[in-house]
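First the structure, in the form of structure tokens, and then the observations on it.
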Amino acid sequence: MKGPKILQRPFNNGLTLVELIITLTILSILAATVLPMAEVTVRRTKELELRRALRTLRTAIDDYKEDFDKAVKEKKVLSAVNETGYPKELEDLVEGSDWGGLYPYKRRYLRRIPQDPFDEYELGWGLRSYEDDPDSTSWGGRDVYDVYSQNERNGLDGTPYRSW
């Protein structure tokens, strides 16, 4: 006795064109929602790096100034009348100083100068001297009192990067 005959369609192994179009539509909608979130995540990570780099540089500048003041107070270094005690350039933080024997070794404040993560045109850090205005964008060239990012864009919170 023979069983019922099952009808089979020939070549029933693939996807139909409609199924393929629906799948691609769903994937494109998912990609369109994920990409903006990924871009914000990358930008937020760069902002954290910028804040960390600024904090590192500013702390090193303050430590340099503190050691200068200590060396002057202990009469290890003679201070000129118009000398502020801040480093002349950022490289002084890497090279360090023994402060006239204040330390038995050359005290270095940074291993290397951190990079600005938003420095697209390789301008480097913006510098301000002790005599410059707090929001000045031109460096007086006498010493390094503060650093800032030279990027023109605004952060995710709406404040310009150069004001951080």
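The values are calculated or read from the model by the stated rules, or taken from the named source; none is laboratory data. Predicted model, so just to flag it, every value in this text is computed and none were measured. Because the Cβ atoms are built from the backbone with ideal geometry, glycine has one as well, and the counts that use them run over all protein chains shown.
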At negative phi, within 17 Å of the chain's Cα centre (by Cα), in contact (Cβ under 8 Å) with a residue 40 or more places away in the chain and loosely packed, with under 11 Cβ neighbours inside 10 Å: is that true of Leu110 in this structure? no
Give the number of residues within segment 97-115 that are farther than 24 Å from Ala80 by Cα and in contact with an Asp or Glu (Cβ under 9 Å, 6 or more places away or on another chain). 3
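To keep it simple, each residue is scored yes or no on (1) exposed (fewer than 11 other Cβ atoms within 10 Å of the Cβ); (2) of a type in the set (Phe, Trp, Tyr); (3) at pLDDT 90 or above; (4) not in a loop (DSSP other than H, G, I, E, B).
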position	(1), (2), (3), (4)
Leu35	yes, no, no, yes
Ile61	no, no, yes, yes
Val72	no, no, yes, yes
Ser79	no, no, no, no
Residue that is farthest from Arg52 (Cα to Cα) [pool: residues in segment 105-136 that are of a type in the set (A, V, I, L, M) and part of a loop (DSSP other than H, G, I, E, B)]: Leu123
State all residues of segment 86-107 that are surrounded by 15 or more Cβ atoms within 10 Å (Cβ to Cβ), in contact (Cβ under 8 Å) with a residue 24 or more places away in the chain and closer than 23 Å to Asp146 by Cα; if no residue qualifies, say none. Tyr86, Pro87, Leu90, Asp92, Leu93, Ser97, Trp99
Every residue in segment 137-164 that is outside any loop (DSSP other than H, G, I, E, B), among the polar types (S, T, N, Q) and free of Cβ contacts under 8 Å to residues at least 24 places away in the same chain, please. Asn154
Mind listing whichever residues of segment 115-153 are within 19 Å of the chain's Cα centre (by Cα), among the small types (Gly, Ala, Ser) and more than 21 Å from Ala60 (Cα to Cα)? none
Qualifying position, being among the β-branched types (Val, Ile, Thr) and farther than 30 Å from Gly155 by Cβ, among Thr25, Thr41: Thr25
So, in segment 96-148, of the ones that are within 13 Å of Arg162 (Cα to Cα) and among the hydroxyl-bearing types (Ser, Thr, Tyr), which residue ends up modelled with the highest pLDDT? Tyr148
